[in-house]
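*Asks:* Okay, here's the structure, questions in a sec.
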Amino acid sequence: MEEQNEAAEQGNPPVMTPKTAVRETSQGTVPHWADETAARIIREKGDKPCYTCASGITPSGTVHIGNFREIISVELVVRALRDMGRKVRFIYSWDDYDVFRKVPKNMPNREELEQFLRFPITMVKDPWGRDESYARHHEVDIETVLPRLGIYPEYLYQAERYRASRYAEGIRRALEHRDALKRILDTFRDDEHKIQGEWWPVSVFCDNCNRDDTDIDHWDEEWRLSYHCNACGHRETLDIRAAGGIKLGWRIDWPMRWEYEKVDFEPAGKDHHSHGGSFDTARHVCRDVYNWEAPVSFRYDFIGSKGSAGKMSSSSGQVITIEDVLRVYTPEVTRYLFAGTRPNTEFTISFDVDVIKIYEDYDRLERIAWKAEPARDTGTYNRLRRIYELSQVCLSPEGKTEMPPVMAYQVPFRHLCNLIQIADGDIEKTIEGLQNTGPGVRPEQLPGLQTRCACAKYWVVECAPDEFRFRLRPAGEKADLSGSEIVAIRDLRDKVIRTIKGYKDDKSCAEAIYRVAEGNNLEGKILFSAAYQALIGKDQGPRLANFLRSIDRERLLGILAAY
């Protein structure tokens, strides 16, 4: 595959690698976008003893990598604020009191789940039987994986808060200002979509059947609210201060919680940030009804996956999860994909050959950050060093960004995939081989190397194109070669492989391989093809000189002994 690899590297489609996250200008280097946002928060919100940064999602289905973009975007700004010496509260709201409106396609026991439509998500049964509810199942999946990425928010569970009547004052305020709220919501709507007739800013989950198919009948202008259920006929009058089933509509609930939690920063997707979208209306509601200025924000764009069209959607079930990404990319490389890309830039998570290029880009970033490779100039060094810092999982006890204790043990990802297959998928054997043939792996480097090996193994088995996969033939298994090819393979074995430890690099070994071809009056590509057939049963494979030098000599001699 020597010639083929070179062609593939030249002919691959463009790789969606992270766009620069720090701009350079004639005046110097502009800080990383997270630092820019942190400075803006301080400037617009003033000098405060503590800043609140918020994120959140409705666990209506599998939480996907697109949702993760909001989580890590907030976390990067949180780190930037802490790096500036500021105290930060990082909250993540699980909107698990939202209505269960649709069963995603990727859920088991779909018919059983349909019985819970119109229930609050927190009351839907877990179809896997692992957790106390459908919502909790998705919450646990995320809460378990985020620490692997160095992300530690404070979780807020909205079902718990609503049921405890913590928002009673906010609910009453919405009822008192329902005419103003109606005007705000209609501001960005055309005549066809304006609110018609009587409208209430709240809905009620029926205390008898748990569904939200209810209508408000009366509010006494103080704390008592009456409703009836269209699904079961139940009627009831509730005390807002004690009732747990009353919930604000989304565009009022969001700004109410901004004021309640004193939120200073929260980004939103480009659908929410569109003109007249939920962020625009929430900003007005927050200021005009709840007397709080909306948080500093920015718009983040969608993420696609290679080979999948359109944005990801939890409700459709067609998603890539954080766990899926971490099977292929280490936590640091995963963070790099986001830290190295401005949030308003759409990009694609790749699982094909682009993976190799992304690892190469990250490795170069790491070498520059550790000054193992020179940067073009000081500005470039500072820019790349900051992206690298924010890509790291490790944090100081105060939550500030920290460099790892040592630079990672670097093995090119493509080469590591070859080593994993040479070792028949045995990661311990792969690392043992690296210990024996290269600079020793330090104890601090071992966990990171083990993770990279696991990613390489998964990628080459589950994601890589067929041309990247191979299996070494067992000793005694022969390829169907011509007489001249067999003679050349014998010479390759006896003149190159028996003395392979004497070659100082791949170049000198490759030169010896070509001498064998010349000595047998064969074109180099014919000898290469015969060697690959003898070793892995394919016409092409990894770069031959490096491949031979990576395999144990005795194993090579055992495979070729049959010739």
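The values are calculated or read from the model by the stated rules, or taken from the named source; none is laboratory data. Predicted model only: the values in this text are computed from it and were never measured. Glycine gets a Cβ as well: all are built from the backbone with ideal geometry, and neighbour counts include every protein chain shown.
*Asks:* Any residue at all in the range 239-248 that's surrounded by fewer than 17 Cβ atoms within 10 Å (Cβ to Cβ) and assigned by TED's automatic domain parsing to the domain that holds F100?
*Replies:* Within the range 239-248, none of the residues are surrounded by fewer than 17 Cβ atoms within 10 Å (Cβ to Cβ) and assigned by TED's automatic domain parsing to the domain that holds F100.
*Asks:* Turning to a different aspect of this structure: Considering only residues of the range 478-512 that are polar (S, T, N, Q) and not in a helix (DSSP H, G or I), which is surrounded by the fewest Cβ atoms within 10 Å (Cβ to Cβ)?
*Replies:* Out of the qualifying residues, it is S482.
*Asks:* Take the range 164-217 and flag every residue that is closer than 17 Å to D253 by Cα and touching a helix residue (DSSP H, G or I) at 6+ places or on another chain (Cβ under 7 Å).
*Replies:* Answer for the range 164-217, where residues must be closer than 17 Å to D253 by Cα and touching a helix residue (DSSP H, G or I) at 6+ places or on another chain (Cβ under 7 Å): Y167, G170, A174, A180, L181, I184, L185, W199, W200, P201, V202.
*Asks:* Going by the conditions given, is A454 closer than 25 Å to I427 by Cβ and either free of Cβ contacts under 8 Å to residues at least 24 places away in the same chain or part of a helix (DSSP H, G or I) (or both)?
*Replies:* The answer is yes for A454.
*Asks:* Answer yes if at least one residue in the range 74-90 is surrounded by 14 or more Cβ atoms within 10 Å (Cβ to Cβ), modelled with pLDDT of 95 or more, out of contact with any Cys (no Cβ under 7 Å at 6 or more places or on another chain) and not in a helix (DSSP H, G or I), and no otherwise.
*Replies:* Within the range 74-90 (the criterion being surrounded by 14 or more Cβ atoms within 10 Å (Cβ to Cβ), modelled with pLDDT of 95 or more, out of contact with any Cys (no Cβ under 7 Å at 6 or more places or on another chain) and not in a helix (DSSP H, G or I)), the answer is yes, since at least one residue qualifies.
*Asks:* Output the residues belonging to the range 41-64 that are part of a loop (DSSP other than H, G, I, E, B) and over 25 Å from the mean Cα position of the chain (by Cα).
*Replies:* Selection gives G46, D47, K48, P49, C50.
*Asks:* Oh, and also: Has the range 412-424 got at least one residue that is buried (at least 18 other Cβ atoms within 10 Å of the Cβ), of a type in the set (S, T, N, Q) and within 25 Å of the chain's Cα centre (by Cα)?
*Replies:* Looking for residues that are buried (at least 18 other Cβ atoms within 10 Å of the Cβ), of a type in the set (S, T, N, Q) and within 25 Å of the chain's Cα centre (by Cα), one finds none in the range 412-424, hence no.
*Asks:* So for the range 151-161 (the condition being of a type in the set (D, E, K, R) and in contact with an Asp or Glu (Cβ under 6 Å, 6 or more places away or on another chain)), does at least one residue qualify?
*Replies:* No - not one qualifying residue is present in the range 151-161.
*Asks:* Of everything in the range 218-233 that's touching a strand residue (DSSP E or B) at 6+ places or on another chain (Cβ under 7 Å) and within 18 Å of F119 (Cα to Cα), which residue is surrounded by the most Cβ atoms within 10 Å (Cβ to Cβ)?
*Replies:* Restricting to residues being touching a strand residue (DSSP E or B) at 6+ places or on another chain (Cβ under 7 Å) and within 18 Å of F119 (Cα to Cα), the top hit is Y227.
*Asks:* Scan the range 384-403 and report the pairs whose first residue is in the same structural domain as T334 (by TED's automatic domain parsing) and whose second residue is part of a helix (DSSP H, G or I) and of a type in the set (S, T, Y), with Cβ atoms within less than 9 Å and a gap of 6+ or a chain change.
*Replies:* Pairs that qualify, where the first residue is in the same structural domain as T334 (by TED's automatic domain parsing) and the partner is part of a helix (DSSP H, G or I) and of a type in the set (S, T, Y), are I387/Y336; Y388/Y336; Y388/Y362; L390/Y336; S391/T334; S391/Y336; S391/Y362; M403/Y388.
*Asks:* Which residues, taken from the range 437-485, are under 21 Å from R327 (Cβ atoms) and of a type in the set (K, R)?
*Replies:* R452, K457, R469
*Asks:* Still on this model: Among the residues of the range 184-200, are any at pLDDT 95 or above, charged (D, E, K, R) and surrounded by 14 or more Cβ atoms within 10 Å (Cβ to Cβ)?
*Replies:* no
Okay, residues lined up against (1) part of a helix (DSSP H, G or I); (2) closer than 19 Å to K247 by Cα; (3) hydrophobic (A, V, I, L, M, F, W, C); (4) at pLDDT below 95:
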residue	(1), (2), (3), (4)
K105	no, no, no, yes
V145	yes, no, yes, no
I151	no, no, yes, no
Y155	no, no, no, no
Y162	yes, yes, no, no
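*Asks:* Does K270 fit the bill of being among the basic types (K, R), surrounded by 15 or more Cβ atoms within 10 Å (Cβ to Cβ) and closer than 30 Å to I42 by Cβ?
*Replies:* Yes.
*Asks:* So S316 passes all but one of these: (1) surrounded by 17 or more Cβ atoms within 10 Å (Cβ to Cβ); (2) at pLDDT below 95. Which condition number does it fail?
*Replies:* (1)
*Asks:* Please go through the range 550-563 and pick out each residue that is part of a helix (DSSP H, G or I), crowded, with 17+ Cβ neighbours inside 10 Å and more than 36 Å from the chain's Cα centre (by Cα).
*Replies:* Selection gives L556, I559, L560.
*Asks:* Specify the residue that is nearest to D98 (Cα to Cα); the eligible residues are those in the range 249-285 that are among the polar types (S, T, N, Q) and within 28 Å of the chain's Cα centre (by Cα).
*Replies:* My answer is S278.
*Asks:* For the condition out of contact with any Pro (no Cβ under 9 Å at 6 or more places or on another chain), touching a residue at least 40 places away in the same chain (Cβ under 8 Å) and surrounded by fewer than 20 Cβ atoms within 10 Å (Cβ to Cβ), what is the one hit in R469, R515?
*Replies:* Result: R469 is the single residue among R469, R515 that is out of contact with any Pro (no Cβ under 9 Å at 6 or more places or on another chain), touching a residue at least 40 places away in the same chain (Cβ under 8 Å) and surrounded by fewer than 20 Cβ atoms within 10 Å (Cβ to Cβ).
*Asks:* Still on this structure, please answer the following. Failed condition for N344, given (1) part of a loop (DSSP other than H, G, I, E, B); (2) in contact with a helix residue (DSSP H, G or I) (Cβ under 8 Å, 6 or more places away or on another chain), with all others met?
*Replies:* (2)
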